[in-house]
Amino acid sequence: MPNNHLYDHDIVSIKDFTKQDLEFIFRSTDKISTLRPNEKSELGKGRTLGYIFYEPSTRTRMSFEAAMASLGGSSIGIFDPKSSSIEKGESLADTIRIIDLYSDVIILRHPLDGSSRFAGELSRNPIINAGSGSEEHPTQAMLDLYTMLKEKKKINNLTIGIVGDLKYGRTVYSLLYALANYNVEVHLISPSILGIRKESIYDIRKKLKLYEHSQLEDILPKLDVIYVTRIQRERFPDIQEYEKVKGTYTIDNNILTKAKPDVSIMHPMPRMEEISHSIDDTNNAIYFKQAAYGKELRAALLALVLNENPI
Amino acid sequence: MPNNHLYDHDIVSIKDFTKQDLEFIFRSTDKISTLRPNEKSELGKGRTLGYIFYEPSTRTRMSFEAAMASLGGSSIGIFDPKSSSIEKGESLADTIRIIDLYSDVIILRHPLDGSSRFAGELSRNPIINAGSGSEEHPTQAMLDLYTMLKEKKKINNLTIGIVGDLKYGRTVYSLLYALANYNVEVHLISPSILGIRKESIYDIRKKLKLYEHSQLEDILPKLDVIYVTRIQRERFPDIQEYEKVKGTYTIDNNILTKAKPDVSIMHPMPRMEEISHSIDDTNNAIYFKQAAYGKELRAALLALVLNENPI
Amino acid sequence: MPNNHLYDHDIVSIKDFTKQDLEFIFRSTDKISTLRPNEKSELGKGRTLGYIFYEPSTRTRMSFEAAMASLGGSSIGIFDPKSSSIEKGESLADTIRIIDLYSDVIILRHPLDGSSRFAGELSRNPIINAGSGSEEHPTQAMLDLYTMLKEKKKINNLTIGIVGDLKYGRTVYSLLYALANYNVEVHLISPSILGIRKESIYDIRKKLKLYEHSQLEDILPKLDVIYVTRIQRERFPDIQEYEKVKGTYTIDNNILTKAKPDVSIMHPMPRMEEISHSIDDTNNAIYFKQAAYGKELRAALLALVLNENPI
């Protein structure tokens with residue numbers, strides 16, 4: 001049996017992953033989901049995940065911790081820089097090199113672009129980027145695509161709308177790079193001041209059929225998937241402008257009536273007012289399933305970087 | 001063998017538990033305490049406890065974590081709302097629904113009445129209320145009664161004094177509801193401004209023999225158990241009033257000489273000045289045993305909600 | 001097979017350990033390092049480490065947690081006094097007595113001298129001092145000596161320079177007491193206002209060949225080991241004085257050229273500017289190895305206090 005090629009490798013950028021890589025990860029996630037608990041708990045037994053969160057994150061941290069626990073492993077780390085050596089002024093390099101000695105795989109979130117690449121070069125053990133800089137959140141993009149695959153039964157030929165703050169939303173860029181491996185039509189819907197940063201998607205513009213809109217309703221009836229991101233009040237110089245925008249982008253029952261009956265609503269969470277709680281129990285709302293798929297996909301990634309054999 | 005009826009059930013309010021339920025839990029705690037470590041660690045193997053503490057708690061959180069570890073399981077969660085998504089403004093509903101996907105049982109502490117009931121309706125997995133609103137802390141009440149049962153060899157026919165802040169102390173209300181299942185005499189001892197809220201115990205007034213006092217010494221010689229709660233300085237408009245009250249309620253060697261020789265002193269902890277350290281090593285002081293019984297009882301509850309078979 | 005004499009014992013002060021004790025711990029660390037993961041994970045299976053950090057520490061806490069995880073055990077505890085009962089004003093005695101009920105071994109860091117001794121007297125389970133007061137950090141001193149033994153192949157006859165803040169550095173005092181068991185020559189290099197507190201090493205002055213210097217370069221060519229500690233800006237009344245001192249004590253390539261070719265640079269970490277990153281990849285830099293040995297030595301200590309049999 002050939003080794004799995006993710007064994008002992010870093011997961012730094014979605015740009016490093018080919019379509020074949022992604023599909024190997026999706027198949028591995030399918031497989032891990034079918035394992036019985038006592039089989040699963042052999043995959044990380046006695047292994048330790050070390051996490052370092054220089055930016056707060058509950059969701060991502062707990063998702064990885066839960067994934068590691070399901071593999072029979074433990075988690076240790078830092079998620080509150082204020083009560084740690086980070087506060088004393090320790091360099092990222094030293095923090096990484098030390099946690100590398102205490103663990104078998106490292107999960108890193110850091111505000112700077114390139115932080116995970118840098119960490120990967122320093123550490124013996126694999127690094128998994130849990131969000132860096134303004135553009136990289138590779139495991140989020142993987143779980144987003146895996147969710148589409150499971151819920152829509154395909155990724156190719158989907159028409160996908162991405163709504164909200166496309167300028168500052170880290171997940172949007174990773175998602176677009178992941179989608180560029182497939183034949184999809186992508187509609188970017190945002191107020192002009194929160195539009196996508198063109199230079200950041202320069203090299204995938206030709207691979208993706210990309211369209212920009214300022215009104216969701218212009219394209220709503222065509223969408224198979226609406227991927228919603230948070231719009232932060234503080235991005236707007238004018239609060240009235242914010243209130244106006246927020247209203248037109250909020251996904252609620254009224255929006256659903258104008259969309260395809262089987263449209264799927266996704267969100268990287270946490271969700272604020274941009275999706276109405278009134279649609280939580282519809283079949284269209286798949287954002288909680290997305291979080292559940294995320295735990296499984298992260299369990300698969302951990303199992304793959306920690307073990308030579310495929311799952 | 002019949003299934004245990006707590007399997008996959010929420011533990012929200014002490015009011016939901018009959019005397020038979022409580023005694024089933026006490027017998028299960030007895031049984032779990034006799035298991036060898038390697039038997040015990042099969043009961044939660046590969047399972048994950050997810051905790052969410054919207055209010056600080058060291059004692060209760062660690063008690064549950066230690067209980068889960070003794071069952072062979074793991075714990076993940078949030079205990080510092082300031083460094084989590086909660087801070088970003090996520091709703092309780094979303095936080096519950098997500099942690100529900102990452103864990104097998106949820107422990108929740110929240111300042112609002114009804115929060116655990118609400119959480120239980122949203123989650124697939126069982127919720128255990130670790131303190132909500134002003135009146136509910138069911139696992140504390142259970143461990144309080146279990147402590148009486150183990151240390152006094154009975155609950156029926158005990159004469160119990162509850163001393164301190166009866167108005168704001170969450171544990172007092174749950175304890176009274178639990179005691180209402182038994183034939184006990186309860187003396188409530190507090191300064192008048194910190195007296196019990198009558199409306200909150202309306203439906204058990206007839207079941208309990210309840211008496212109110214403002215001076216502990218009035219009833220002291222009759223008590224089998226003195227359950228002490230903290231009096232917080234900030235409840236008093238007048239600091240001199242506080243100092244005076246504090247003095248009369250402090251349990252020390254002087255108080256013990258006026259009480260029954262086998263009187264038992266209990267406290268939900270943390271304890272401040274309301275119990276003198278000078279009595280810690282007497283046989284009357286059972287508040288540390290109470291904490292130890294608490295871990296065992298919580299291990300039993302976790303084992304019961306996680307497993308179909310009785311312990 | 002005789003029991004190991006550390007079983008169920010506290011590790012409070014380096015002064016309690018004879019040379020024979022230290023060498024037993026070093027041999028045990030050698031042995032534990034050769035165990036396969038599944039053998040190692042039997043040594044703490046189902047056991048819980050309880051930690052209480054009244055002062056922040058990332059490094060030491062994670063080192064112990066990782067060590068416990070490698071033994072198959074769990075860790076629970078408090079490392080942020082602000083969100084815990086400690087904040088409510090609970091006494092150290094109560095906090096210790098409660099965590100003692102929830103765990104099998106306790107790791108304590110506390111600002112007061114004598115805190116660990118006190119805790120050890122209260123707890124049923126063994127206490128390990130993870131730093132107390134101004135002078136005690138016994139496990140750090142043990143791992144420092146173990147690092148010398150592994151990297152220099154001996155401790156006797158080493159010439160060791162200790163550089164930096166010798167007045168306030170807790171680790172320095174424990175290190176000197178540990179070294180006093182061996183025949184070593186120790187050079188203390190510090191600005192005069194940060195010199196060693198003589199009264200704190202009074203009883204080992206005769207056992208150690210101790211020399212004081214204010215300039216590193218005076219003794220540099222003779223040193224086998226340079227143990228560097230942090231100099232904190234806030235210790236200096238005059239910032240210019242700080243800048244001048246900092247420069248003369250910084251270990252960099254220039255310093256290495258004037259030292260023995262095989263000089264070893266150690267540091268308890270976290271390291272700030274006192275060691276230049278430019279020497280991290282030289283064979284002289286052993287501070288990361290030191291951290292790795294630390295995890296192994298702590299795993300050995302935990303295994304020894306938790307198990308009757310030697311490793």
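Relative to the dominant Cα principal axis of chain A, helix A:59-70 is inclined by about 40°. Spin-label model, A:Glu308 to B:Asn156: label points 7 Å out along the Cα-to-beta-carbon direction sit 6.7 nm apart. For the residues A:Asp100, A:Asp238, A:Asp30, a GNM of chain A with alpha-carbon springs under 10 Å puts the largest fluctuation on A:Asp238.
What part of the accessible area of region C:138-291, given as a whole %, is carbon or sulfur when the probe is 1.4 angstrom? Don't skip to the end; give the middle numbers.
Values: 3060 of 6370 Å².
Roughly 48 percent of what the probe reaches on region C:138-291 is carbon or sulfur.
Dipole check for chain A: with +1 at the C-beta of Lys and Arg, -1 at the C-beta of Asp and Glu, and the Cα centre as origin, the magnitude is about 520 Debye. When the solvent-accessible area of region C:1-117 is split by element, carbon and sulfur atoms take up 50 percent of it, the probe being 1.4 Å.
Within the listed set A:Leu210, A:Leu35, A:Leu145, the residue fluctuating most in the Gaussian network model of chain A (springs between alpha-carbon atoms under 10 angstrom) is A:Leu35. For the set A:Lys153/A:Lys246; C:Lys15/C:Lys154; A:Lys295/B:Lys31; A:Lys295/B:Lys45; B:Lys19/B:Lys198; C:Lys260/C:Lys289, the pairs lying more than 29 angstrom apart at their alpha carbons are A:Lys153/A:Lys246; A:Lys295/B:Lys31.
Taking amide H atoms as placed 1.01 Å from N in the peptide plane, the amide H of A:Ala285 lies under 5 Å from those of A:Ile265, each 5 or more residues away in sequence or on another chain.
Leaving out ligands and nucleic acids, note down the accessible area per residue over region C:2-62 with a 1.4 angstrom probe, in whole Å². Don't skip to the answer; put the middle values down first.
Numbers: 2840 Å² over 61 residues.
That works out to 47 Å² per residue.
Using Cα atoms only, what is the angle between the long axis of helix A:92-102 and the major principal axis of chain A, expressed in degrees (0 to 90) to the nearest 10? That works out to roughly 60 degrees. Identify, among C:Leu223, C:Ser276, C:Ala67, the residue whose Cα sits farthest towards the positive end of the charge dipole of the protein assembly as shown, taking +1 on the Cβ of Lys and Arg and -1 on the Cβ of Asp and Glu, with the dipole about the Cα centre. Highest projection toward the positive end goes to C:Ala67. Protein heavy-atom accessible surface, 1.4 Å probe, per residue over region A:138-291: 41 Å².
Compared with the dominant Cα axis of chain C, that is its longest principal axis, helix C:138-152 is turned about 60°.
Each copy carries B:Glu42; placing its label point 7 Å along the C-beta direction from Cα gives inter-copy distances of 1.9, 1.9 nm, listed from smallest up. Measuring from centroid to centroid over Cα atoms, what is the spacing of region A:113-173 and region C:117-153 in Å? Centre-to-centre distance over Cα atoms comes out at 44 Å. Buried accessible surface for the C/B chain pair comes to about 2100 Å², total over both chains, computed with a 1.4 Å probe.
Among the residues of C:47-55, the average count of other protein chain beta-carbon atoms within 10 Å of the residue beta-carbon is 2.
Annotation: amide H-H contacts under 5 Å for A:Ile128 (H modelled 1.01 Å from N, sequence separation of 5 or more, or interchain): A:Ile11, A:Ile106, A:Ile107, A:Leu108.
The values are calculated or read from the model by the stated rules, or taken from the named source; none is laboratory data. On a predicted model such as this, the values are computed, not experimentally measured, just so you know. Cβ: placed from backbone, ideal geometry, glycine included. Neighbour counts: every protein chain shown. We work out accessible area using only protein heavy atoms, side chains counted, and drop any ligands, DNA or RNA first. Shrake-Rupley method; radii C 1.70, N 1.55, O 1.52, S 1.80 Å.
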